[in-house]
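Peer 1: The structure that follows is given in the form of structure tokens.
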Amino acid sequence: MAPSRMKRNRLSFMNKVLLSSPAVKQPRLGCCSPLSQAHMRAARLDWGSLPHRVVLCVFQYLPLIDRARASSVCRRWNEVFHIPDLWRKFEFELNQSATSYFNSTHPDLIQQIIKKHAAHLQYVSFKVDSSTESAEAACGILSQLVNCSTQTLGLISTAKSSFMTMSKSHFVSALTVLFVNSKSLSSIKIEDTPVDDPSLSILVANNSDTLRRLKMSSCPHVSSDGILCVADHCQGLRELALNYYMLSDELLALSNETHVNLEHLRIDVVSENPGQIEFHSIKRQSWDAFIKHSPGVNVVMYFFLYEEEMETFFKEETPVTHLYFGRSVSKEILGRLSLNCPRLVELVVCANGIQVIDNELICIAEHCKNLTALGLSECEVSCTAFIEFVRLCGRKLTHLSIMEDVLIPDDVCSLDEIHTEVSKYLGRIWFPDVMPLW
């Protein structure tokens with residue numbers, strides 16, 4: 001597009017904004033002299049006269065670097081740049097130029113935020129690369145947020161967890177500064193960090209009335225006692241994410257009124273130590289007490305185990321609602337799901353090897369009456385069995401993601417015919433997913 005045409009388009013857009021703004025009164029036709037009309041046109045084209053609310057609305061959609069550049073256009077725009085509403089949400093990006101392609105928040109801007117806008121920050125996140133230096137820089141900023149009312153905190157590692165490579169005492173010290181001074185934290189994501197039980201106690205002591213969401217998977221220094229402390233005192237907690245090794249019968253037995261009433265519990269099942277095969281089991285009575293206290297809770301389980309590591313699971317009834325297998329899972333385990341997972345809503349199987357899972361899938365459809373979503377990849381199901389599975393589930397199956405190479409043609413049905421039969425039972429057009437060829 002030619003520069004002159006781009007300029008006309010921009011002026012046209014700004015005129016529309018100004019015409020719709022109460023700050024610019026519209027003249028009635030025939031009531032203005034040519035000179036007055038010329039003045040009106042000049043006012044419309046003066047971007048510096050835009051109302052604060054209009055500039056603020058535009059600034060909220062701009063990346064920080066563009067917002068900073070725009071603030072130097074005129075005094076009014078610079079005033080808008082410092083309005084507290086623009087600084088309630090901020091993501092600090094901390095990367096080492098030698099090891100990362102991502103942009104990094106400039107040190108001068110960081111100091112300006114800490115000096116002028118720390119009190120306005122409510123939604124804060126730190127995105128760091130794999131270097132220890134970036135994690136330490138994030139903690140350096142955290143330790144300076146002593147005059148803030150932060151509600152949401154997120155610590156995000158874009159590669160391997162760099163927070164785990166830094167000094168534990170340094171991390172905990174910086175984190176507790178925020179825990180002590182915020183007094184209003186409602187959502188915290190501190191996964192893959194060296195947070196520990198004492199720092200959780202400080203979190204609870206200062207934010208028990210406001211905490212609603214806590215995500216802390218892969219935190220090796222947190223024990224089930226630390227999680228139990230949170231559950232005992234933060235009665236407003238609704239979402240909790242943790243590793244399976246933190247789970248205990250005591251934590252799940254939330255059967256009295258003083259405990260938290262969860263809506264969403266995410267459990268990541270990973271090996272705590274390399275070569276680990278045995279996992280502790282949770283008693284059915286503990287699960288029953290948990291569901292009795294929180295009957296509507298979604299129990300989400302992510303498995304990142306090998307087949308030989310899964311022997312402990314699903315031998316008794318387990319109230320899981322959303323189940324994801326990130327690695328190969330055996331026919332035996334899939335067979336247990338139909339017997340012991342009556343609350344299952346969503347099932348994703350990323351791999352099963354070359355064993356056909358026809359019977360297991362049909363049994364799941366027969367016994368898991370709440371199932372509405374299924375995803376299959378790198379496993380084998382005959383076309384006939386898959387059609388029977390869909391027939392049993394019917395139109396309640398709202399999400400169905402099946403790779404085409406999962407479906408094995410047989411004497412009854414071919415790949416060319418399966419989409420017609422499945423679509424008939426679903427009540428909508430359906431096709432299997434196809435891996436794109438690059």
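Peer 1: Roughly how many nanometres apart are two label points built 7 Å out from the Cα toward the Cβ at Val54 and Ala205?
Peer 2: That separation, rounded to one decimal, is 5.3 nm.
Peer 1: For region 190-246, what is the Kirkwood hydrodynamic radius in Å, using each pair of distinct C-alpha atoms? Don't skip to the end; give the middle numbers.
Peer 2: Working: mean 1/r = 0.0902 Å⁻¹.
Answer for region 190-246: a Kirkwood hydrodynamic radius of 11.1 Å.
Peer 1: Report the GluC sites (Glu not before Pro) located in region 276-310 that are in a DSSP loop and have at most 15 other Cβ atoms inside 10 Å of their Cβ, or state none. Present the calculation step by step, with values, prior to reporting the outcome.
Peer 2: On the way: sites: Glu278, Glu307, Glu308, Glu309; in loops: Glu278.
Within region 276-310, the qualifying GluC sites (Glu not before Pro) (loop, at most 15 other Cβ atoms within 10 Å) are Glu278.
Peer 1: Sticking with this structure for a sec: Considering the Cα trace of region 116-208, what is its radius of gyration and what is Dmax, both in angstroms?
Peer 2: Expressed in Å, the Cα Rg and Dmax of region 116-208 come to 12.2, 33.
Peer 1: Something else now. Mind ordering 338-348, 128-138 by average Cβ neighbours within 10 Å, highest first? All intermediate terms of the calculation are to be shown ahead of the outcome.
Peer 2: Working: 338-348: 19.0, 128-138: 21.7.
Answer by packing, highest mean first, reads 128-138, 338-348.
Peer 1: Mean separation of Cα pairs under 8 Å and 6+ residues apart, divided by the residue count of region 381-438: what relative contact order is that in percent? List each step's numbers first, then the result.
Peer 2: Values: 62 pairs, mean separation 24.9, N = 58.
RCO, region 381-438: 43 percent.
Peer 1: Relative contact order, percent, of region 277-320 when contacts are C-alpha pairs under 8 Å separated by at least 6 residues? Let's see the in-between values first.
Peer 2: On the way: 23 pairs, mean separation 28.3, N = 44.
Computed value for region 277-320: 64 percent relative contact order.
Peer 1: How large is Rg over Rh for region 288-333, taking Rg from the Cα atoms and Rh as the Kirkwood inverse mean of 1/r across Cα pairs? Please list the in-between numbers first.
Peer 2: Working: Rg = 12.2 Å, Rh = 11.9 Å.
Rg/Rh: 1.02.
Peer 1: Still on this structure: Quick one: if you take sqrt(5λ) for each eigenvalue of the C-alpha gyration tensor of region 342-438, what semi-axes come out, biggest first, whole angstrom?
Peer 2: Numbers: eigenvalues 70, 48, 38 Å².
In descending order the semi-axes read 19, 16, 14 Å.
Peer 1: Once every Cα of region 309-378 carries one equal point scatterer and solvent is ignored, give the base-10 log of I(q)/I(0) from the Debye formula at q = 0.28 Å⁻¹, two decimals.
Peer 2: Cα-only, vacuum Debye calculation for region 309-378: -1.59.
Peer 1: Can you give the convex hull volume of the alpha carbon atoms of region 78-156 per residue, in Å³? Before the final figure, lay out the partial values.
Peer 2: On the way: hull volume 7.0 nm³, N = 79.
Once divided by residue count, the hull of region 78-156 is 89 Å³.
Peer 1: What is the Rg over Rh value, at two decimals, for region 204-355, using alpha-carbon atoms and the Kirkwood definition of Rh? Walk me through the numbers on the way to the answer.
Peer 2: Working: Rg = 15.5 Å, Rh = 16.0 Å.
Ratio of gyration radius to Kirkwood radius: 0.97.
Peer 1: Here's a follow-up. So for the pair Asp232, Glu263, with labels modelled 7 Å out along Cα→Cβ, what separation do we get in nm?
Peer 2: Taking the two extended label points, one gets 2.7 nm.
Here, each number is a calculation from the coordinates, and none is a lab measurement. All figures in this text were calculated on a predicted structure; none of them were measured in a lab. Counting neighbours? That spans all protein chains shown, and the Cβs are built from the backbone with ideal geometry, glycine included.
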